[in-house]
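Chemist: I have a structure I would like to understand better, so I am pasting it below and will then ask my questions one at a time.
The values are calculated or read from the model by the stated rules, or taken from the named source; none is laboratory data. Note that this is a predicted model, so its numbers are computed, not measured. Every residue, glycine as well, gets a Cβ built from its backbone with ideal geometry; the counts of neighbours run over all protein chains shown. The protein model used for the area step is the full one, side chains on, heavy atoms only, and it has no ligands, DNA or RNA in it. Shrake-Rupley method; radii C 1.70, N 1.55, O 1.52, S 1.80 Å.
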Amino acid sequence: MPNRNLPRITVITPSLNQADFLERAICSVLDQGYENLEYIVMDGGSCDNSAEIIRLYEEDLTYWQSAPDEGPADAINQAIQRATGDIIAVLNADDLYLPGTLDSVADKFMHSDAPAWVVGHCLRIGEMDEQLGQLIIERPKNLSGFLTQDAGHIPASASFYSRSLVDAYGWFDPQLKFAWGYEHHCRLIAQGLRPAIIPALVTAHREHARSKTAQNTLRCGAEFIDAAARYADRLAFEHRNALWTGIDERRRIYDLARTEMATNPSRRNLWKQLLRQPWWLGNDRYRQTLMHGVTHPASPAYQHTDMPAARRAA
């Protein structure tokens, strides 16, 4: 029997062709041992053996399906329609919860001054679970900084929301295939909300070459830019002008990346590595360095030299 003294937590895992990682994600949720858990897995009709993996754990799942959807945001929204939890969380199929995460989240929400939105820090891991470092989340100070991404990105898998907040401020935008989590956070911050931070690592955020974002770096980055542009009119004039300037620079950088990735194989991987974390372009130093490449493109002879790509980028 669930412990009714604990808030009910609904964890939603959207997945599509993530069989290599899905079982680890599922086990990281079930192994929490949280006593009032509702776990929903939404597979988008994978053509690998994802459905077979999910069936191994179906007795421990509240609900699961494997059927075509319109993308991760649509799958999550379908799950929210079924959800009965006091707290809503999304764990991507290639990410993991670290031990004790759900207990820490529940404790945060059970305080007398309980927040409506909680975020924890992330452990960065690679394809084989190797540790790559940490992603320390900063509490956004204002909308301007978050739209320009100076304050960094908040991964969806490290975020936890009260059900009342999700219902009050809207679900995830199904038209977005990559930036649905970022746009949702922009929306919350634009309404004056700020997350409470759990000062601990709660999620392992996986970075690997086969991820949807890594394989679609240009589309992903463009969506982040367009999502930020939606909220430009919420800013004071001087901040709005700075945002539009940054957006223009980022779009020109993506144009350069698109051209070089199509015509220069030696720089394709370099761009993929850089653009895999689109919030880097919110950093003035990175952006200005890349803008120099826009205004001073390398000569063809220099581009096609046998010098390793890493040295050419230095």
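Chemist: Name the helices (runs of 4 or more DSSP H) wholly within segment 1-88 that hold at least 3 residues that are within 20 Å of Pro99 (Cβ to Cβ)?
Modeler: 19-30
Chemist: Which numbered condition trips up Ile154, out of (1) open to solvent by 30 Å² or more (accessible area, probe 1.4 Å); (2) in contact (Cβ under 8 Å) with a residue 12 or more places away in the chain?
Modeler: (1)
Chemist: Take the residues in segment 256-266 that are more than 23 Å from the chain's Cα centre (by Cα) and open to solvent by 40 Å² or more (accessible area, probe 1.4 Å); name whichever of them is modelled with the lowest pLDDT.
Modeler: Among them, the one singled out is Ser266.
Chemist: Please count how many residues of segment 53-86 are in contact (Cβ under 8 Å) with a residue 24 or more places away in the chain, of a type in the set (Asp, Glu) and open to solvent by 40 Å² or more (accessible area, probe 1.4 Å).
Modeler: 4
Chemist: Exactly one condition in (1) out of contact with any Cys (no Cβ under 6 Å at 6 or more places or on another chain); (2) modelled with pLDDT of 95 or more; (3) not β-branched (Val, Ile, Thr) is false for Phe224; which is it?
Modeler: (2)
Yes/no matrix, rows are residues, columns are (1) surrounded by fewer than 19 Cβ atoms within 10 Å (Cβ to Cβ); (2) within 22 Å of Ile136 (Cα to Cα):
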position	(1), (2)
Ala196	yes, yes
Ala200	yes, yes
Ala204	no, yes
Glu223	no, no
Ala228	no, yes
Arg234	yes, no
His239	yes, no
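Chemist: Might you check whether a residue that is at pLDDT 95 or above and among the acidic types (Asp, Glu) occurs anywhere in segment 138-161?
Modeler: no
Chemist: Scan segment 116-136 for residues that are modelled with pLDDT under 95 and either open to solvent by less than 40 Å² (accessible area, probe 1.4 Å) or under 15 Å from Tyr161 (Cα atoms) (or both) and jot them down.
Modeler: Selection gives Gly126, Gly133, Leu135.
Chemist: Just checking: which of the helices (runs of 4 or more DSSP H) contained wholly in segment 105-221 hold 1 or more residues that are out of contact with any Ser or Thr (no Cβ under 9 Å at 6 or more places or on another chain), among the hydroxyl-bearing types (Ser, Thr, Tyr) and more than 24 Å from Arg250 (Cβ to Cβ)?
Modeler: Filter on segment 105-221 gives 163-169.
Chemist: Moving on. Out of the residues in segment 138-170 that are of a type in the set (A, V, I, L, M, F, W, C) and out of contact with any Pro (no Cβ under 8 Å at 6 or more places or on another chain), state the one that is nearest to Cys122 (Cα to Cα).
Modeler: My answer is Ala158.
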